Structures are given as C-alpha cells and as structure tokens.
Amino acid sequence: MCPVFAARPEKKRRKLRMHGSRTARGSPLTVIRIILMANLTAVSTSLQAADDEPLLDLPLESLLQVQVSVAAPFHETVREAAASVAVLQPQDWQRRGATSVPEALEQVPSVATYPSLGGATAIAVRGYATELSTRGIATLLDDIPVDSYSYSTAAYQLPFVPLGVLSRVEMVRGPGSTLYGSDAFHGVVAMDTWMPADGMSTFNLGSGRNGDSVFSALASTPAGRDPAVRSASGVTLTYRGDRELPFRVTDPETGAERQGSFADGRQDQSGFLHLETGSADDPQGLWRLSLYGDNFHSKNTPGIGRQFYEGAERQLQVASVSFNGNRDFSSEDAQFAQAQLMFQRPLGDRLQFEMRAFRWLADWHWTFDFSQNPDSVTTLTNVVLPCRTSPTQTGVSPFYCSNITTQGIDEQRTGVHFLLRPQDTNGRTVWALGAGHDREYISDATFQRVGTNGQVYADITPPIAGVGRNIDYLLFQSRTELVPDRLSAVYGLREDFYSDVGNAASPRLGLVYQVSPEWTGKLQYSHAFRAPSAVEQFGNGAASQQLANPDIKPETIDSTELVLQHASYHQDSEIVLFQSKWHNGIVLTPVAPPNNQYQNIGRSHSSGLEVSHRIRMATWMLEGNASYVHSRDDSHDVNYGAFPRYTVNLGVGRLFGPDREVWLNERILTDRTRGDALGALPPQDAPNYYRTDLHISWQVHPCRVWFDVRNVFDRHNIVPAVYNAEGGLEDDGMGLMLGVEWGWR
C-alpha cells in the first residue's frame, strides 16, 4: 500500500474537510493557511525514505547527554541542567499513543492532568491540583510566551497544540521565573515546531474508534532557487469524535440521582511556516520568520460543576448545589495566530547576539449551558427568591433563570527580547545577559446570558476589556566550574518591572557535582512569582459576582531540590527529593455571598520523591518512574486531594528486527479524591486509576504503519473534577487508532 502511494505522487489529492469546523472570515489564520498550503504544494520529494536510528539502538548514556534549552539560555545537557527537566521527542509520545501535549506529559514524574473548561486541560505539577491548575505553568511556543493576561494561562486561548507539528517538548518541574518571569510558577512547558536541518517530507494519516482521525503533512525544502533560503512548513487536522462520557448529579429539589453524559467532541486545524536564511556564525547573521496558526472547536465538554455555588449551600433549602444538572456543559471556539522574527549573529570573535520580535493574537469564546438552572430557590428561613432577570436587580436570587451564557475575550501580546552570550561555551564560565519588553492587552471582552425563551438577562462588557500592562525585564544567568570537570555552580537572577503590580526578583542557585563519570549530584534552589491576571485584578463584572481587587499582589513560591543521576551504557537512573513553599497564594474567596474576590490568602507546601529508571537489554527496553507527593493548603488546613499521592508509569518495549517494535505502557494513580478538596463538601476518595496502553509500529520503507490501543482493558477510570462535578469525571474507555506515515528525503 505505502510503496504504491509513493510511486504516484502526481495523483490528485482529495479535498479534506473537518465536519462542523468554523473559521472567522478574514482572520489571520486564513492568511497563514494559504501560505502553508502554497508551500506544501510546491514541495518536490525524492523517493529516498527517512531512516531515523531507533532509540533502542542508542546507548542509554546518550539520553542524559541530550541538549536542553528550556533550563538555561546557553547550551547544556540534561546532566548539566540545574533543574528537573524532561525532554520528549516524537518517538517518546508515539510509543505511548499520546494524542495531545498533556497526554505526552503524563510520562513525566509528578505530573497529573485534569479536564478543564471548554475542552482545555489543566496540568498540575508536584501536588498543587485545584480549579486554578491551568495557571502557573509557563507555556512557550517556539520560545515565545503564549500565556494570556486575562487568566495567566495558555490553556484557554490555545487549548490544543497538535503533536503532529512538534519536534520537541521540554518540561521543567518546579519554578522557572529566573528565566521566564511570571507564570513559570509550578513549571515550564516549551514546544518547538518542526524544523529539520535538511529537506524532507512526511505525511501522517490515522483513523480510529469514535470517528477519531488525524492528518498531518510536513515539508522542509530549499525555497525557490536560492539555496541559502530554507523553509519548513506543516499542517495538521485533528478530529475527536463524540464520547458520551457518563456523569451523575444529585437533583437540587428531590435529592434523586440523575444521569448525564458529555459528548466531549473536539476538532483542531493547525499550521506553521518557517523561512530562514543565513547562518548564526556568519557576520551577516541568521534570519528566521516563523508563523503559527490554530483554530479549535469543542462541544459539550465538562462545565463548572458546583464550583461557584458552594457558598450558597449553607443558606438554601436544597438537596444539592448541582444546579446545572445533567446539562453541565461547556464548549469553546478559539483562534490563535503568532508571528515571530528571530535574528542571530556573532559580535566579534567571542560573543553571540540574539533578537526575537513577536506578536500573537487570540480570540476565544466559551459557551455554558445553564438551561437546568432553577427559576427560584428557597432560603433556610423559608423566603422564596425568584431568579434574577437583569444583572442590576437586588434582593433576588444570585442564580439566573435557565439560560445559555457566552463569554469571550480578544487578546494580544507583543514583545521584543534580546540575549547576549559567549559564542564559545567551553570556557570555565558560561553566561548570558538578557533584556526585553512585552505589552499585554485585552482589546475586547464580552459576557451575555440569554434565557431559553430568548430573553436577554445580561449583555455587558466585563471590566477587563481595554486593560493592558507593560513588562520590562533584565536577566543574568551563569554556570561556573568551581573545580574543573567536578563541581559547577549555576546561578542567576531575573528582575521584572510591571507597570501595574511593581517589581519582582527571581533568583536561583544550584550546585552540580560530578561524583564520577557515571554519577552526578545536584542541589538547587529557585524562587518564582506569578503576577495577578486581569480577572484577578479587575474582577469579571456583576454577571459573575467577581469583584475587583486593586490591591492584589503577586504570589510567590520557593523550591529546593536534591538530585542524584546515574548513567551508563545500558541504563540510567534519577532520584529527586523536592520541597516547595507557596506564599500569598491568590484564591477566589467569598466576600458577602454571592460575591467573590481574588485575595492573597493562600499558604501551601509540597514535598515528595521522584524515582526514574531505564535499562536496555539487547532488543528489550524497560523504563519507568514513580513519585510520592504530599501537598497541603495550610491556609484551609486541607490536603490537595485531587492530586495522586502515588504515581507510577511503567513501559516495556521490544524490537523485532530493525523494522518492528511493540510497546506496552501502564499508568497507575492512587490515593486521591474525586474532586478539589477546597470545596464546601469534602470530596469522596477516588478508586485507583489503572490504564494499559499498547503501541505497535512496523516500518515498510518508505512508510511506517502504526496501531495504538489506549486503555486496553476498557477500564472505567475516574478523573478528579477540579471544578467539583459530583463523583469526578469518567476517563475515556478503550480507544483504537490505526495509521500510516510516509517519509522522504
């Protein structure tokens, strides 16, 4: 099948269509798609198959020698990095059947993922799992920060980045503000789109259960007739069919259990383009223009649960505060477009200069189904409160009549970053100086509630519309060999200057001790901060009863880690002991219910142990990691129960000759609750989570056939609901996906 396709490249391509997809006419994405498709159509491919060396053929010692960029602004390896960093490449997520970046990150120790609003995914690191887990993770796309000003996260305006366009994902567990400023609070996720060193093309097509499908096309060739101009581009279409995942709620009036189901359907269209000329070693420098665009749509994903109603439970005659009933749904439409111009050149014989100028635009809208809301509620003193029919009414219920609510934000970020570092990194001291200026701005925001009878209950402009802020920063990072080839010190400081919340300093210090050629020990400390988001500062308007807090301050965290690493030809290991203390935590707090306000009242701590090990034996590869995490909210005197106390990832791979491999992976989560422990009612314990995944790959040049089975035993696993849906949320059942990938150089 594959060679037949390869022999007929002139065959007319069929037009692909994503059912139900919507794209705003005239949006930046339209222009990007035209550029990408024109670039892909111009690709001329050879019949020489790409033949990357299998990971099982590599010595394990090289895994700790993998170059990382997320932990320092200069070149260093995993072993040299003064941070707990994981580097994931396509073979890592392919061999686990991952379909999204959060799924790929599940293989990293002390990482858990949770469904969030509109089909987004919250990523919790080292214990801190709440409804705000989407915040505090710095997200970078091609080295550009893409977290929003509105909510301090990239999960809402960029809820899905397809793995098909990525060549690499790096993650830092723990603070990273010394390099990336605000939002690098609990961790950093850096994604790099595909940019190979030579010309090649790949096409990937997969189809599976529930109508799931994925198509991607990547190409890198010299552009035009000038061999000095290089290009890389790609498009990916992803469709996730309806799941109809069951969930249960307690009827607020009768107390009877009711059943509902989430369709949880999603679709995404993404594309990128890189144009590059010159060389970083040439006096004329290296220039690169990068574009990225994404269009995302979801329907009937999990909603807000009981999260915003907990404060009313003690005042009303209700059996439950699950007012949204069996239609507790949220949906989202999101568009994102990013452009970046990068320039590198040497300064003299010893220095290298780098400049990045970027701009991104995001436009996203949530839809919440509140059609089950009650028309009235009764207080404990037998006072009947009718539903509110306008946001300015007083003396009536804080709950609106049955309605559909939509909320939208248009946001943009513009910045220019500079970096100066030595061109030769072999000296005793390696350093980097950086500076930058960013402008964050929310150009528009909307909020509307429309009754099921068509009556408009609210149509307002939230107070975050039209607000913005400037961020200026200076950073210094360095690594010095105190004892040659034995002991190094890694140290740095970043100072951020915010136009609205003042200054913040983020230092770090680490010692890296080379005990022997095989053993490395590390001791590292870092301090991080997260500036309040626009919603946390200005509130979200009367429609949602979130009050402004102009006096809110950044929250801070201090983290200490002790690391021991071992690497030999056949195996490698890592042991990490960590602890962190979270101060001035920003928490949504009831103030004269039904009003809430974000305040600096949170105090938390976390500590734990992470153990990882890989071993290669001929054609077998065994790998796994386990973590123990204890985290507690000291201000409320409760544990972060939604985060598993114990997490285990196990994998075994077998290579059958040079062209076939089979991987079996197991994920285990234990000692956790069904919801966020910060709710008014203590959540129930969740059953242990066991998921077995199978991956089979068969190379038939010039293509690779792959088959994934997710959740082989079709277990009905429970995922904690950080928005306090009753009983948690059910994870996917068995998933099947069969695909084929063609590759040519």
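The values are calculated or read from the model by the stated rules, or taken from the named source; none is laboratory data. The structure displayed is predicted, hence computed values, not measured ones. So basically every Cβ, Gly included, is an ideal-geometry build from the backbone, and we count neighbours across all protein chains shown. Surface accessibility is based on the protein's heavy atoms, side chains included, excluding ligands, DNA and RNA. Shrake-Rupley method; radii C 1.70, N 1.55, O 1.52, S 1.80 Å.
Being in contact with a helix residue (DSSP H, G or I) (Cβ under 8 Å, 6 or more places away or on another chain), open to solvent by less than 10 Å² (accessible area, probe 1.4 Å) and either in a strand (DSSP E or B) or among the aromatic types (Phe, Trp, Tyr) (or both) is true for just one of 366, 360. Which residue is that? Talk me through it step by step, then tell me what you get.
On the way: 360 fails: in contact with a helix residue (DSSP H, G or I) (Cβ under 8 Å, 6 or more places away or on another chain).
Answer to the check: 366.
Restricting to the range 355-377, give me the number of residues that are acidic (Asp, Glu) and modelled with pLDDT of 95 or more.
Here is the first cut: in the range 355-377, the ones acidic (Asp, Glu) are 363, 369, 375.
From the residues that got through so far, the ones that are modelled with pLDDT of 95 or more too are 363.
Looking only at that region, the number is 1.
Here is a check on your reading of the model: is residue 260 more than 19 Å from the chain's Cα centre (by Cα), surrounded by fewer than 23 Cβ atoms within 10 Å (Cβ to Cβ) and part of a loop (DSSP other than H, G, I, E, B)? Steps first, please.
On the way: more than 19 Å from the chain's Cα centre (by Cα): yes; surrounded by fewer than 23 Cβ atoms within 10 Å (Cβ to Cβ): yes; part of a loop (DSSP other than H, G, I, E, B): no.
Here the answer is no, as residue 260 does not meet what is asked.
If you scan the range 628-642, which residues turn out to be open to solvent by less than 10 Å² (accessible area, probe 1.4 Å) and part of a loop (DSSP other than H, G, I, E, B)?
642
Quickly run through the range 89-113 and pick out the residues that are open to solvent by 20 Å² or more (accessible area, probe 1.4 Å), part of a helix (DSSP H, G or I) and under 21 Å from residue 186 (Cβ atoms).
Once the filter is applied, which keeps residues that are open to solvent by 20 Å² or more (accessible area, probe 1.4 Å), part of a helix (DSSP H, G or I) and under 21 Å from residue 186 (Cβ atoms), the range 89-113 yields 102, 103.
Which residues, counting only those in the range 480-505, are closer than 21 Å to residue 77 by Cβ, open to solvent by 30 Å² or more (accessible area, probe 1.4 Å) and in a strand (DSSP E or B)? Outline the logic, then answer.
The first filter runs over the range 480-505 and keeps only residues closer than 21 Å to residue 77 by Cβ, leaving 480-492.
Applying the additional criterion that residues be open to solvent by 30 Å² or more (accessible area, probe 1.4 Å) yields 481-487, 491.
Matches in the range 480-505: 481, 482, 483, 487, 491.
Restricting attention to the range 600-627, report how many residues are touching a residue at least 60 places away in the same chain (Cβ under 8 Å) and assigned to a loop (DSSP other than H, G, I, E, B).
So the count comes out to 1.
Give the number of residues within the range 450-479 that are among the aromatic types (Phe, Trp, Tyr) and either more than 23 Å from residue 432 (Cα to Cα) or open to solvent by less than 60 Å² (accessible area, probe 1.4 Å) (or both). Steps first, please.
So the first thing to find is which residues in the range 450-479 are among the aromatic types (Phe, Trp, Tyr), and the list is 457, 473, 476.
Now drop any that are not either more than 23 Å from residue 432 (Cα to Cα) or open to solvent by less than 60 Å² (accessible area, probe 1.4 Å) (or both), which leaves 457, 473.
Counting residues in the range 450-479 that are among the aromatic types (Phe, Trp, Tyr) and either more than 23 Å from residue 432 (Cα to Cα) or open to solvent by less than 60 Å² (accessible area, probe 1.4 Å) (or both) gives 2.
Output the number of the condition that residue 628 fails; it satisfies all remaining conditions of (1) more than 29 Å from residue 563 (Cα to Cα); (2) in contact with a Gly (Cβ under 8 Å, 6 or more places away or on another chain); (3) of a type in the set (Phe, Trp, Tyr).
The single condition residue 628 does not satisfy is (1).
Which condition breaks for residue 141 when tested against (1) under 11 Å from the mean Cα position of the chain (by Cα); (2) open to solvent by 10 Å² or more (accessible area, probe 1.4 Å); (3) more than 20 Å from residue 529 (Cβ to Cβ)?
All conditions are met except number (2).
In the set 314, 327, 266, which member is farther than 21 Å from residue 130 by Cα and buried (at least 23 other Cβ atoms within 10 Å of the Cβ)? Explain how you work it out, then say what you get.
Working: 314 fails: buried (at least 23 other Cβ atoms within 10 Å of the Cβ); 327 fails: buried (at least 23 other Cβ atoms within 10 Å of the Cβ).
Being farther than 21 Å from residue 130 by Cα and buried (at least 23 other Cβ atoms within 10 Å of the Cβ) holds for just one of 314, 327, 266, which is 266.
Take residue 86 and decide whether it is open to solvent by less than 10 Å² (accessible area, probe 1.4 Å), part of a strand (DSSP E or B) and touching a helix residue (DSSP H, G or I) at 6+ places or on another chain (Cβ under 9 Å). Please lay out each step first, then the result.
Numbers: open to solvent by less than 10 Å² (accessible area, probe 1.4 Å): no; part of a strand (DSSP E or B): yes; touching a helix residue (DSSP H, G or I) at 6+ places or on another chain (Cβ under 9 Å): yes.
So residue 86 does not fit the description; no.
Cβ-Cβ below 6 Å, separation at least six or inter-chain, first residue in the range 415-435 and open to solvent by less than 60 Å² (accessible area, probe 1.4 Å), second acidic (Asp, Glu) and in a strand (DSSP E or B): which pairs?
Filtered contacts from the range 415-435: 415/438; 419/354.
Could you say whether any residue in the range 681-696 is closer than 17 Å to residue 741 by Cα and part of a strand (DSSP E or B)? Don't jump to the end; show me each part of the working.
Residues of the range 681-696 that are closer than 17 Å to residue 741 by Cα, as a first pass: 695-696.
Remaining after also requiring part of a strand (DSSP E or B): 695-696.
Yes, that holds for at least one residue.
What is the residue count in the range 722-744 for residues that are modelled with pLDDT under 90 and either surrounded by fewer than 20 Cβ atoms within 10 Å (Cβ to Cβ) or of a type in the set (D, E, K, R) (or both)?
Residues flagged as modelled with pLDDT under 90 and either surrounded by fewer than 20 Cβ atoms within 10 Å (Cβ to Cβ) or of a type in the set (D, E, K, R) (or both) within the range 722-744 amount to 2.
What is the one condition in (1) surrounded by fewer than 19 Cβ atoms within 10 Å (Cβ to Cβ); (2) within 29 Å of residue 175 (Cα to Cα); (3) touching a strand residue (DSSP E or B) at 6+ places or on another chain (Cβ under 6 Å) that residue 585 does not satisfy?
Status for residue 585: all satisfied but (1).
Condition check ((1) within 30 Å of residue 462 (Cα to Cα); (2) modelled with pLDDT of 90 or more) across all residues:
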{"residue": "521", "(1), (2)": "no, yes"}
{"residue": "578", "(1), (2)": "no, yes"}
{"residue": "584", "(1), (2)": "yes, yes"}
{"residue": "591", "(1), (2)": "yes, no"}
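Conditions: (1) under 24 Å from residue 153 (Cα atoms); (2) open to solvent by less than 40 Å² (accessible area, probe 1.4 Å). Residue 278 meets all but one. Number of the miss?
Here residue 278 meets the rest and fails (1).
Restricting the search to the range 588-618, which residues are among the β-branched types (Val, Ile, Thr) and open to solvent by less than 50 Å² (accessible area, probe 1.4 Å)?
Going residue by residue through the range 588-618, those that are among the β-branched types (Val, Ile, Thr) are 589, 591, 601, 611, 615.
Residues satisfying the conditions are 589, 591, 615.
Output the residue which, of all residues in the range 374-411 that are open to solvent by less than 40 Å² (accessible area, probe 1.4 Å) and under 32 Å from the mean Cα position of the chain (by Cα), is farthest from residue 464 (Cα to Cα).
403
Looking only at the range 127-142, filter to residues that are of a type outside the set (A, V, I, L, M, F, W, C) and at pLDDT 95 or above; which one of those is farthest from residue 355 (Cα to Cα)?
In the first step, residues of the range 127-142 are kept if they are of a type outside the set (A, V, I, L, M, F, W, C); the result is 127-128, 130-131, 133-136, 139, 142.
With at pLDDT 95 or above added as a condition, the list becomes 139, 142.
On the way: 139: 19, 142: 13 Å.
So the residue we want is 139.
Considering the range 295-311 alone, what residues qualify as being modelled with pLDDT of 85 or more, in a loop (DSSP other than H, G, I, E, B) and either small (Gly, Ala, Ser) or open to solvent by 40 Å² or more (accessible area, probe 1.4 Å) (or both)? Step through it out loud before you land on a result.
Our first condition is that a residue be modelled with pLDDT of 85 or more; within the range 295-311, this holds for 295-305.
With in a loop (DSSP other than H, G, I, E, B) added as a condition, the list becomes 303-305.
Of everything in the range 295-311, those that are modelled with pLDDT of 85 or more, in a loop (DSSP other than H, G, I, E, B) and either small (Gly, Ala, Ser) or open to solvent by 40 Å² or more (accessible area, probe 1.4 Å) (or both) turn out to be 303, 305.
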